[in-house]
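Here's the structure we're looking at; comments come further down.
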């Protein structure tokens, strides 16, 4: 699994883009159908999907804002400068990955695709499990007992809620770092949600294609303007952490 994880780690960014793009491929059957839930059936995937994906983004945001970890790899290989065990990392060893999984699972529910949820999401989980095992192998070799003791205290995947309020109250949330690191991910994520909602749920615009297209143009244009402003601020140095 470590070998497989090293392979997936090398191409993880491309894989995530592929998984994200597959959301917009029409699938059958649907996860929620009119026959099972009545006329308002489409509310179920929307509500469930938004709750899950927003939770994932919140976990990523809290992780980055409190104690960011530099584990982006080096020369496309697993690498870490330090063993970060504070912030959300004191409650879960892989909170960024948990956030990613929830974000993608949430928009998977939002797409209302049975095949995406039962086939693509499990494969995505397998990919992350392999990557984490490869990372743990590196960290164990580099940090030894320090990492083993950390593993004994903190779960790999399931966040521990005990002491979470203390963690937030004892640390300052770094908004500049959060915006710096997360603006591109958030922009892509929000654009995807807008497109899924307006294309997959014509009921929201009363089946009026003109209204749908107008909303898409307005909302995506607004998101793009905000994204460009953040990029300008970043390049100007105003978002220095």
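All of the numbers you see were taken from the coordinates with simple rules; none came from a lab. In this text the structure is predicted, and so the values were computed from the model without any measurement. Here the Cβ is made from the backbone with ideal geometry for all residues, glycine too, and neighbour counts use every protein chain on show.
Overview of results
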quantity	calculated
The chain: most fluctuating residue of 78, 25, 194 per GNM, C-alpha cutoff 10 Å	25
Theoretical FRET efficiency, 1/(1+(r/R0)^6), r = Cβ-Cβ of residue 133 and residue 218, R0 45 Å, to 0.05	0.50
GNM result for the chain, Cα springs below 10 Å: residue of 57, 203, 30 fluctuating most strongly	203
Length added when fully stretched, residue 203-residue 1, from 0.36 nm per residue minus Cα-Cα	68.3 nm
Residue of 48, 64, 218 that the Gaussian network model of the chain assigns the largest fluctuation, springs spanning Cα pairs under 10 Å	218
Helical contribution to [θ] at 222 nm, DSSP H n ≥ 4, -39,500 (n - 2.57), averaged over the chain, rounded to 500	-21500 deg cm²/dmol
Cα-projected label distance for residue 55 with residue 79, points at 7 Å along beta-carbon direction, nm	3.5
Stokes-Einstein D for region 51-195, Kirkwood Rh over Cα pairs, 4 °C, 1.567 mPa s (µm²/s)	80
Angle in degrees between helix 209-236 and the longest Cα principal axis of the chain, rounded to the nearest 10	30
Angle in degrees between helix 175-200 and the longest Cα principal axis of the chain, rounded to the nearest 10	30
Volume per residue that the Cα convex hull of region 174-241 spans, once the total is divided by residue count, Å³	69
Å³ per residue enclosed by the Cα convex hull of region 116-207	194
Degrees between helix 95-110 axis and first principal axis of the chain (Cα, 0 to 90, nearest 10)	10
Least to most buried among 177, 14, 93 (fewest other Cβ within 10 Å first)	14, 177, 93
Full-stretch length increase - residue 175, residue 140 - with 0.36 nm per residue and alpha-carbon distance subtracted	9.4 nm
Contact order relative to length of the chain, as percent, for alpha carbon pairs under 8 angstrom and 6 or more apart	25
Ranked 17, 46, 188, criterion: other C-beta atoms within 10 Å, fewest first	17, 188, 46
Contour minus Cα-Cα distance for residue 165 and residue 233 (0.36 nm per residue)	21.3 nm
Approximate spin-label separation residue 158-residue 123, in nm, with each point projected 7 Å along Cα-to-Cβ	2.9
